[in-house]
Structure formats: C-alpha cells, structure tokens
Amino acid sequence: MTSKRIAVAMIGLITIFCLGAPAQTKFKFKEILQTGDDAPVPSLLSFVEQFSLNDQGQIAFIGDGGLFLKSGSDVKLIVAFGDPSPSGGTFVQAESPSINNKGQIVFVGIVSSGSSGLFLFSQGKITLLVPDLSVSTTGGVVLGSEPIINDSGLVVFLNNAVPGFFEGEGLFTFSNGVITKVGAVGDTAPDGEPFTGFDQPAMNSTGQIVFRATLQQTPPFSFSEGVFLASGGTISKIIESGDPVNGSTFFSVSGEPSINDAGQVAFAGFVNGSVSDEGVYLLSGGSLSVVVPTFSSGPGGIFLEPLNAAINNAGQIAFESQTLGSGTGAGVFLLSDNTISQLMLSGQSSPDGDTFSPSGAFGLAINSTGQVLFAGRLLQHTDALYLASGSQLVRIAGQGDAVNRDPKFVFPFAFGISNQDQALVFDTTFPGGTGFYTMDRTPPGKGTLDAHVSQSVGSDGVIEDFFNSFVMNGQGQVIVTADLSDGVSSLLLKSGNSLSEVVRASFFSNGDPAPGGGTFNFIGQSFINNLGQIAFSGGTSNNFGLYLVSNGQTTFVVDGNSTTPDGTGTFGTITFVALNDHGDIVFQAESFPTPNANYLLSNGQFTTLARDGDPAPGGGFFSLAFLDPRLSPVISNNGTVAFAAGLSTGGRGIFLFSQGTLSQIVAPGDPSPDGSTFFSADNLTINSSGQIAFTGQTGNGFGVFLYSGGVIEKVAVPGDRLGKLTLEFADFPQVNDRGHVAFGGSFSNGTTEIVIARPIEEGGQDPTETIAQSGAPDPATPHSLAQAIARHLNSFKRLRANPQH
C-alpha cells in the first residue's frame, strides 16, 4: 500500500506563564539548504515504481517522484517537482497513477503552497479533482490516495484518516463533484464483523469495485481479512479468513484482487490445509475456484506458488509466483486457455543485458490485448519496467534513463550534525531519487553525495532502498544501512570521500561470517561513535544479537538468547542501538516472554532502564512500542541515557537515566518555554556532554527544544520568524558537541529548509545568520501544518509496497 499522507490538525492554544523561570538561551539561525536547491546527483532516473497500463498500451508510471506517460515510442514527463499546480503553488511530487482507455490519468499530487489531493491529466491539461480535506456526502473530510479511474471518469480512492479529525479510513468514489463513501473502518462487513482496514481497490468499466480489507479479529482466528465486491451500493463477500475451501480453511489474501468488465475477479491466496486449495482464485458466474493451485507444474517443469494475480477482459490471468524445487526463485506467468506460459523468470537475462534477481518481479498489470506490464527485480540495477507482448519482452523505463531536468532537493531534513557543523541530509530529489548528503554550513547549499539509490556497491549490485538507520558522528563519518539489488543488506560507511562496505548480509548464503558462527543474513539498526566504532544489531543463520566493529574487527556483544538482567526471559530481537566513546551501549529489545525494554550495557554489566508497562516517573506507565525510531534511546559520554516513551496517560515523554536514577525531563502537561504546554515529546538526540535536542508538540505545533543544564530551552517553534519566513513545523533535531542544533523545518512559503541554530552569545560573526522573532502561529497554520507533516512523511517512505494499478 502506498505511503499515507498523515495530517494533524492542532486545535486550541493553552498559554501558561512561567514566573521565575531560568533565563532562556537565545539562538541565531543559518539556513544551509532548502527546497529547490541544486542537488549533486546526475540528471538520471534512479528508480521507477507505481504504474498503470491501458488497452492501447499506454503506460503511466512514477519515476523519482515524477509522473511519466509512455505512448507509443514517446516518453513524456507529465508533472514533476517545481511544475505549476492548478490549485496554486507548485507540485512537489506525484504518486499512484491510474490510466484509463481514454488516456486520462488520475494521480495523487503533493503541492507546495497550494492544495494537494487527487488530480486529473486529460488532453494535455491538469485539473484538481479532490483537494485534501474535501467533504464527503457523510460530512467528514478526506485525504485521498491510490485512486483508480475507469472509462466513464468514475474515480475510486482510498481515504487515509486520522481518527478524530477526518472521515474514517475506507473507500470513497468521486463523480461529478460528489464524494461518496463505499465503506469505512467501523462499518459492518457482510459477515457482521466491522472493517478495520482497507487496501488498494480495483474497478471495472461498470463501476464494480473489488478490494481487500481486514476485519476485527474473531476467535479462533487471530488474523482476519477477505476480498469484497462493491456493486450497486451493496458490499458482498467473496471470501474471508476462516471460510471453507473444499477440505481446507481460507487463511489470507496475497497481493491485490483484480476485476474485469464481465465482473470476473482474480486474486491469489493461501489456506490452512491442502495446497491444491490455494493459489490463483477466480470468481466467475458466482462460483469461486482455484485455477492455478500451489505446486502446479509451470513451464520447464518448475513448481509454482502464486503470490499476486490480475485478470483482463479476455479472461487471461497474469500472475506473479515463487518457483519451488530446483530453480528456486520467482517469475511472471500468464494463464490463457488453460495453458501457463512463462513471461519472466529469475536468472533469465533481461532485455537490457542484466539478470532478473531471485526476487523476480514486483507488481503487474494486464490489458485486454494480453500485454503484461511488471517491475522486474535485477541483479545490477534497480527495478525496471518491462512489457511482455506474446513472446516479446521489452524494457520500458528504469535506472539511468535521462531526464531533461536539473536535480533539485525536494524535502531536505537533517539526520546528523558533525562538530564542524556539517549536516547529514536525507532527501528524495527529482531526478536522482533517495539519497544522503553531507552539507556544509559554510558556504550554504554546497555539499557532497554520500550514497543514493541506484549507486553501485561493487559486485553486490546497486542500492535499492535505505533502512531508517543513518547516523553521522562528530567527525563527519556516516553510516547507513542499505538494501542492495543482489539480495544483500549492507552496512555502509562514508568516511572522507570513500564509501565502503562494513558488513554484508544475505539470506542466500553469501553473507559475511559472523562471530560465534553462521553468516549474517540481516542487518538492523546501527550507530557510530566519535572514535569510528560501530555498533549494530544483526541476524545470522544461528542467532540474532548485537555486534561491535572496532579497528576492522567484528565482535559479538549481546546474544539475543541471553537471559535478561531480571532473569525472567531472553533479550530476543535487538534494535535501536547507541554507543558512546567509552564503549557503553544502550539498546531496545523485544524481550521474550518479558515486555519490550531499554537496556544499558556498561563495563560488562546490564541494567534494565525501562520496560513496557513499568510505572513511569511522574505518573502513568511506559508504552515502549517496538521498531518506533522516535523512541530510540541515546547515551552521552558521561553515561547519561535518555529515551522517549509513550505513556498510558496519553502522549509521549522524555526520561533520563543518570547515576542509577530514572527521572522525567518532560511529559504531557508540562509548561513549555514557548508559553504553551507540552502535549508530547520524542525524537531525541544527545551530545557528548549530555545536552538533549528533541521534538516537542505544544499548543503552537511541532517545534524543536534543547535540554541543557537541567533547563528546557526553546530552539524554534511554529510562529517564529526567521528572516522573512514563518516556521510552521520543525522536526528531527540533531545536536553536536558544541551545542549547535540542526533541524528541518517547513516554512510559510511552502519550502522545507535545514537550519543550524547556535547560541547567540557564541563568538564568530556571520552576517547571514538571523535571530528568530517570536510570534503566534499564522491562522492558517493548522491546515498548512497538516500538509507539511504529510509532505515530509511522504518523502521518507518508499512507495514500493504496491506499485501497480
């Protein structure tokens, strides 16, 4: 499912006057990078994703956040970063295209200084169909995503909601200016259970809609989902978890369902029971049957395990499948007239001279002429689009295609700051794709590329994606964890001008040997200290644990099977590690059978800092959600540990462990130095001396704060004016050992900027620095804030979970 544009509307303003509070440090600010600045990457596509195919063979697809149309031999850029929007402002990026047989394309457009929403490209013109926060017939407002358009111009889309602010998550249609609900979370499904979630729909020319949805869990099943059909204002069930399938029990849907104009529905699914009762399902004439069972014999004698399926008006079904037995891998196949033909198989040479990887393909679409479009996974390149027409396979678009645009930064945010005021920047540029950059404070806007998607990493292929583990130490060294095209996960180090592989992991037996035996098959979170030592969590063929790289040697630090300090269970899966210059390590573990917890390892001794469900200082109980990076624990050189945690009383707070004592720094309800009250606080970093920068949500919005010497200081909050611009939103603060804070902010002109703040009393003259002028947030801030949050969250998520329509 594509990434969700999550909007938050702030309501109310609570003012608290703090008498006798300590004097607040004032900061001076320098912008070092902003939306629209030149990016040091080639003018080439890095990644293609999300595509749609019509009966004329026209293809709409997304490349590096831009929308392209291939018609015949011509590839045209329809909309991309910087293009004017009909709703005002300029486009930032496009998502989720759907093309009908008239060549009309509906897509999601993210817009700066204008309304984002669902747009229509038709006869060379772009119009806004459904602005964000439009009102439906049931009275709620919607945020549309993953739209589908049929030949009559009817649009169905998935609504992404924030409870309490917007219409419930679900499916809606748009026609003749009216938004109508098809179904939403909380509505009763045909079997009487309430819907709890919806996935991308499919629609035919008559307006019938087929979709996958999850339902409230019902004993004895701990997992419940199904395929449903909306037709004529009524939702009917096709199949649901727990339903009988011959002698088996249906378990789950794989991929997304598809529907043709005759109302036939195809999808892939799994059962608890006989493999002959699972595979590719076809609903035709009211009867549901398995037309390609698991373990069916495919071309060349391979065995198939279907994972996704799509049907055309001729009744042909294209499907993705794992291949079992000899030649294990994946491929794309076509079922036509009861005969299965192979369109692509892992290990096969691609038309452009590469080799399809064991992952095979990602997503597919089929038109009425039998053409099949899919994203092929490659060994030495990122995914590319291929079109199969009969026995011919042609490359459509992919990595390295030239784009006649100068690469620009779109949503730059800071994820590190060195002691020389170099900022580690993460962004998705157009063109160029996702990458990491080291940007200098002086001169601003200048920097170097650390690593980016499509960059080659020796014989292991190219970078396909990044995990949310990217860290810069005080010396400017950077580590990132990347997914490579050859099925390898790699821990990469950028030091000086060199990018090197520290550890490689793979499930295909070619991972690096691990201390304690086995080979690495997974790399998780990582951290680098000022000495260049690297701590990381990793999985091996034998175990999962915590490792340390020092002077080129990798050692085993914590065994996931080891007993926790209280002796009630084992550490289990380890993540979110941090390491100081003295070798002390703090980490979070999904302990078993005990709750999730934060632990400290110092001088060979483990200390439990906090467990999920423990009483929290100041009241309430800790809620330590696993794999939430905004709750990561951090540690200073004096051994002080800080972490964020959810609270049973609501919101999140920040806590400090020092000299054996756990205390509260800030929690919901505490007065904020911006004159308001904290609603929540998280996403913290710490420097060597123990100063803590964090994101705080107050009555003014999301701002950046610094905890120093026992005092919480305001760095920048919504309403502050930096020069001619007003800050609307700030996040991801980073603090270096000099007490300088780098952060990303969204401003009133629609740009995202990276700013470095340093204490005003610090020496050194820089005429380009500004002093913030405090002020109330702009009256339009709640709406602008909603879009700002949506924009930066979109830029941090790969839109690859479901690339096809």
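Computed from the coordinates by the stated procedures, all read-outs in this text should not be read as laboratory data. Source: prediction; values computed, not measured. All Cβ positions, glycine included, derive from the backbone under ideal geometry; neighbour counts span all protein chains shown.
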Self-check item: Protection proxy ranking, peptides 660-669, 204-213, average beta carbon neighbours within 10 Å, highest first
Solution: 204-213, 660-669
Exercise. Give the relative contact order (percent, whole number) for the chain; include only Cα pairs under 8 Å separated by 6+ residues.
Key: 12
Quiz prompt | Residue-count net charge about A230 - beta-carbon cut-off 14 Å; Lys, Arg +1, Asp, Glu -1 | solution = +1
Self-check item: Cα-based Rg / Dmax (Å) for the chain
Solution: 26.5, 83
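For E728, E240, what ranking results if the residue with the fewest other Cβ atoms within 10 Å of its Cβ goes first?
Values: E728 27, E240 21.
Going from sparsest to densest Cβ surroundings: E240, E728.
Could you sort the peptides 282-291, 617-626 by per-residue average Cβ neighbour count (10 Å cutoff), highest mean leading? Intermediate values should be presented prior to the final figure.
Details: 282-291: 14.7, 617-626: 17.5.
The peptides rank, most packed first, as 617-626, 282-291.
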Quiz prompt | Rg to Rh, two decimals, where region 48-184 supplies the alpha carbon set and Rh follows Kirkwood | solution = 0.96
Practice problem: List the lysines whose Cα lies under 28 Å from the Cα of K237, skipping any in the same chain that are fewer than 8 positions away. | Solution: K4, K181
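Which order results if S46, S490 are arranged by neighbouring Cβ count within 10 Å, fewest first? Could you put the intermediate results ahead of the total?
Numbers: S46 31, S490 26.
In order of increasing Cβ crowding within 10 Å: S490, S46.
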Quiz item: Kirkwood hydrodynamic radius for region 467-565: how many Å is it when counted over pairs of different Cα atoms?
Solution: 13.6
Exercise. List the relative contact order of region 100-159 as a percent without decimals, with contacts defined as Cα pairs under 8 Å and 6+ residues apart.
Key: 28
Quiz item: So who's got an amide H within less than 5 Å of the one on L343, skipping anything under 5 residues away but keeping other chains? H placed 1.01 Å off N, in plane.
Solution: V332, F333, L334
Practice problem: Taking 7 Å along the Cα-to-C-beta vector as the label spot, tell me the Q659-D261 distance in nanometres, rounded to one decimal. | Solution: 7.9
Exercise. Compute the label zone of D151 within region 46-74: residues whose backbone N is under 14 Å from the point 7 Å along Cα-to-Cβ.
Key: 54-57
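If you average 1/r over every pair of different alpha-carbon atoms in region 79-139 and take one over that average, what Kirkwood value in Å do you get? Each step should come with its number before you reach the end.
Details: mean 1/r = 0.0848 Å⁻¹.
Across region 79-139, the inverse of the average 1/r is 11.8 Å.
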Exercise. Return the subset of K26/K408; K446/K724; K102/K125 for which the Cα-Cα distance in this structure is over 24 Å, preserving the input order.
Key: K26/K408
Quiz item: Exposure proxy check: L345, L631 ranked by fewest other beta carbons within 10 Å?
Solution: L345, L631
Exercise. Kindly express, to the nearest 10 degrees and within the range 0 to 90, the angle between helix 781-795's C-alpha long axis and the longest C-alpha principal axis of the chain.
Key: 70
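Given Cα pairs under 8 Å that are at least 6 residues apart, what percent is the relative contact order of region 646-729? Before the final figure, lay out the partial values.
Values: 168 pairs, mean separation 14.7, N = 84.
In percent, rounded to a whole number, it is 18.
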Exercise. Take every Cα-Cα distance within region 554-595, group them into 10 Å bins from 0 onward, and report for each bin the whole-number percent of pairs it holds.
Key: 28, 52, 19, 0
Quiz item: Which distance in Å, rounded to a whole number, links the C-alpha centroids of region 489-546 and region 84-145?
Solution: 42
Quiz item: For region 681-686, in order, what is each residue's ³J(HN,Hα) by Karplus, 6.51 cos²θ - 1.76 cosθ + 1.60 with θ = phi - 60°, in whole Hz (x at glycine and Pro)?
Solution: 8, 6, 6, 9, 10, 9
Practice problem: May I ask you to evaluate 6.51 cos²θ - 1.76 cosθ + 1.60, the Karplus curve with θ = phi - 60°, for each residue of region 430-442 and list the ³J(HN,Hα) values in order in whole Hz, giving x for glycine and proline? | Solution: 10, x, x, x, 6, x, 10, 9, 9, 10, 8, 5, 9
Quiz item: What ³J(HN,Hα) values, in whole Hz, does the Karplus curve 6.51 cos²θ - 1.76 cosθ + 1.60 give for region 625-640 when θ = phi - 60°, with x put for Gly and Pro?
Solution: 5, 6, 6, 9, x, 6, 9, 4, x, 9, 9, 9, 6, 8, x, 5
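What does the helix-only formula give at 222 nm for the chain: each DSSP H stretch with n ≥ 4 adding -39500 (n - 2.57), the total divided by the residues, and the result rounded to the nearest 500 deg cm²/dmol? Walk me through the intermediate numbers first.
Values: 1 runs with 15 residues, N = 805.
My calculation for the chain gives -500 deg cm²/dmol from helical runs alone.
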Self-check item: Amide hydrogen neighbours beyond the local backbone of S134, cut-off 5 Å, H modeled
Solution: V142
Quiz item: Amide H of N308: which non-local residues (sequence gap of 5 or more, or other chain) have their own amide H closer than 5 Å, using H built in the peptide plane?
Solution: E320
Quiz item: Counting Lys +1, Arg +1, Asp -1, Glu -1, what net charge surrounds N246 among other residues with beta carbon under 15 Å of its beta carbon?
Solution: -3
